[in-house]
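In what follows, a structure is listed as structure tokens, so that the remarks can point back to it.
The values are calculated or read from the model by the stated rules, or taken from the named source; none is laboratory data. The model shown is predicted, which means the values in this text are computed figures rather than measured ones. Cβ placement follows ideal geometry from the backbone for every residue including glycine, while neighbour counts extend to all protein chains displayed.
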Ligand SMILES: *Cc1c(COP(=O)(O)O)cnc(C)c1O
């Protein structure tokens, strides 16, 4: 079934509407029933037709309608439409998770003998697709140093079908120059894919910077409430259609109830991201000046290696930062449980602040050596700034830092007693 003909969702949006207006209104409209102002959750697996000719036309994608919810579903469609209008693309399709979006995309675009160029520090799960699964199908995978744009351009120039980027990266928030690298990709006819999960469409629109396809783990900032898994891609119609076809057959479909939760979360997307951008900047500055903190990674800091590129291509620097403490991994283990206002969990992009060690969160799939190879300190803390008051978060980070030396000392003694 073709999805574009089905793309009949009626939206009250104007081309000129800005992001906060889009977050609220985009995609809403077509499926409202009996005056309801909110999108219904359509749990129906299939859709009935009295007119067999019309049914056949719908099945062939020639008329508007739904056939079977593995393919398309009204609630899911509204979610796709909202993301499409925020990312300013031609077409969108969705998936059960972000990893489903990534794997379905890569397995659609690649085949034995084809080549993909990417970077060493993509999301841990993506890295496993590159290092473990694609090689099983004789796909040639080249992973470059994320910050070495020239090296990436050189590899791309040798020829590839896919250039896969992620920016900012997880968890050291490195920045890739999308416009520059997309140009390199297009010179060899590659499809340029960008994982935009960390930036969100509020902070960055890869399609307008030259990318062909943008991917989100909707589980994170888009949904924003850590209560629904989902993935989505946006791009040119023909390209999205190909990936949609792979997904409708392979079945990694977004559940309509999850779609509803994601839709509801997205109405506050612009508000949340604006707050998270502002708070993360304040927190990064606070951490940078603290004597117990050795490194702070945040693209908004002037000291960040690609602060200029971030400033050029992003509307905001995002809600993700990471930092390392004096005392390394041991200090991290002591420090994190002292935080009052943070879930210690493997998630990010939620209304609540979430923190965790990179080795247990983004890079749980990776060995210590693999982490060292991409320059992630063993004790690195990933900190996803929530929508709490920034002053409260800073006070919380500070009180925990203030306790740290004492705690560390006590713990060290305990350990030595236990060991002796
Ligand atoms: C979480 C995440 C993914 C995977 O998304 P899931 O919804 O957990 O499958 C992919 N890319 C990035 C950058 C992520 O943070």
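Things worth noting here:
- Qualifying residue in the stretch 30-38 (condition: modelled with pLDDT of 90 or more and in contact with a helix residue (DSSP H, G or I) (Cβ under 9 Å, 6 or more places away or on another chain)): yes
- In summary, residue 229 fulfils each of the numbered conditions (1) more than 15 Å from the ligand (Cβ to nearest atom); (2) under 13 Å from the mean Cα position of the chain (by Cα); (3) surrounded by fewer than 23 Cβ atoms within 10 Å (Cβ to Cβ) with the single exception of condition (1).
- Hits in the stretch 115-130 - residues which are more than 8 Å from the ligand (Cβ to nearest atom) and in contact with a strand residue (DSSP E or B) (Cβ under 7 Å, 6 or more places away or on another chain): 115, 116, 117, 118, 119, 120, 130
- If you go through the stretch 192-223 and keep only what is part of a loop (DSSP other than H, G, I, E, B), over 16 Å from residue 317 (Cβ atoms) and more than 13 Å from the ligand (Cβ to nearest atom), you end up with 210, 211, 212.
- Screening the candidates 105, 146 for the property of being in contact with a strand residue (DSSP E or B) (Cβ under 7 Å, 6 or more places away or on another chain), at pLDDT below 95 and either surrounded by fewer than 17 Cβ atoms within 10 Å (Cβ to Cβ) or assigned by TED's automatic domain parsing to the domain that holds residue 207 (or both) yields one hit, 146.
- Residue match in the stretch 191-207 (condition: closer than 18 Å to residue 106 by Cβ, surrounded by fewer than 18 Cβ atoms within 10 Å (Cβ to Cβ) and either touching a helix residue (DSSP H, G or I) at 6+ places or on another chain (Cβ under 9 Å) or touching a residue at least 40 places away in the same chain (Cβ under 8 Å) (or both)): no
- Meets criteria (in the same structural domain as residue 238 (by TED's automatic domain parsing), out of contact with any helix residue (DSSP H, G or I) (no Cβ under 9 Å at 6 or more places or on another chain) and at negative phi) for residue 172: yes
- Residue check, residue 188 crowded, with 16+ Cβ neighbours inside 10 Å and either closer than 30 Å to residue 28 by Cα or in contact (Cβ under 8 Å) with a residue 12 or more places away in the chain (or both): no
- Some residue of the stretch 70-83 being under 24 Å from residue 217 (Cα atoms), surrounded by fewer than 18 Cβ atoms within 10 Å (Cβ to Cβ) and away from the ligand (no atom under 16 Å from the Cβ): yes
- Evaluated against (1) assigned to a helix (DSSP H, G or I); (2) without any contact (Cβ under 8 Å) to a residue 40 or more places away in the chain, residue 291 falls short on exactly one condition, (1).
- Selection of the stretch 318-351 for residues being within 16 Å of the ligand (Cβ to nearest atom), surrounded by fewer than 23 Cβ atoms within 10 Å (Cβ to Cβ) and in a loop (DSSP other than H, G, I, E, B) yields 345, 346, 347.
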